[in-house]
1. I'm checking my understanding of the structure. Among residues of the range 30-44 that are in contact with an Asp or Glu (Cβ under 9 Å, 6 or more places away or on another chain) and surrounded by 15 or more Cβ atoms within 10 Å (Cβ to Cβ), which one is farthest from His4 (Cα to Cα)?
2. Checking Phe58 against (1) open to solvent by 50 Å² or more (accessible area, probe 1.4 Å); (2) at pLDDT below 95; (3) under 11 Å from the mean Cα position of the chain (by Cα), which test does it fail?
3. Pick out the one residue from Ala26, Ala55 that is small (Gly, Ala, Ser), closer than 27 Å to Asp3 by Cβ and touching a Ser or Thr at 6+ places or on another chain (Cβ under 7 Å).
4. For the subset of the range 1-24 comprising residues that are within 12 Å of Leu56 (Cα to Cα) and modelled with pLDDT under 95, which member is most open to solvent (accessible area, probe 1.4 Å)?
5. Does Lys27 satisfy the criteria of being at pLDDT below 95 and either part of a strand (DSSP E or B) or open to solvent by 80 Å² or more (accessible area, probe 1.4 Å) (or both)?
6. Would you say Glu63 is in contact (Cβ under 8 Å) with a residue 12 or more places away in the chain and either surrounded by fewer than 16 Cβ atoms within 10 Å (Cβ to Cβ) or not in a loop (DSSP other than H, G, I, E, B) (or both)?
Amino acid sequence: MIDHNVVVAALRNVKDPKTGHDIISAKMVEDFRVDDPNISFSIVLKTNDNELKSALNFACMSEIAAVYPD
């Protein structure tokens, strides 16, 4: 079973390279849902930087996969 708090803790390891803040503290994560076995959320940026959004997306997937490999 996926634990909401474990996922949030994993996402705290994802840093915004422009500010150095984690995406949770920076309030960049919205619409967060855990519907076991699915996890969904939106990453909100102040600019339309597709390269940054893609990098953050892959970083999030990597951090979540580290705690929930299956």
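1. In the first step, residues of the range 30-44 are kept if they are in contact with an Asp or Glu (Cβ under 9 Å, 6 or more places away or on another chain); the result is 34, 37, 40-44.
Then keep just the ones that are surrounded by 15 or more Cβ atoms within 10 Å (Cβ to Cβ); that gives 34, 41, 43.
Details: Val34: 6, Phe41: 12, Ile43: 17 Å.
Per the criteria, the residue is Ile43.
2. Going through (1) open to solvent by 50 Å² or more (accessible area, probe 1.4 Å); (2) at pLDDT below 95; (3) under 11 Å from the mean Cα position of the chain (by Cα) one by one, Phe58 breaks only (2).
3. Details: Ala55 fails: touching a Ser or Thr at 6+ places or on another chain (Cβ under 7 Å).
Step by step, each of Ala26, Ala55 is checked, and only Ala26 is small (Gly, Ala, Ser), closer than 27 Å to Asp3 by Cβ and touching a Ser or Thr at 6+ places or on another chain (Cβ under 7 Å).
4. Lys18
5. In short, no.
6. yes
The values are calculated or read from the model by the stated rules, or taken from the named source; none is laboratory data. Here the structure is a predicted model, which means the values were calculated and not measured. Here Cβ is always computed from backbone atoms with ideal geometry, including for glycine, and neighbour counts include all displayed protein chains. For the accessible areas, the whole protein counts, side chains as well, though only heavy atoms, and no ligand, DNA or RNA atoms are used. Shrake-Rupley method; radii C 1.70, N 1.55, O 1.52, S 1.80 Å.
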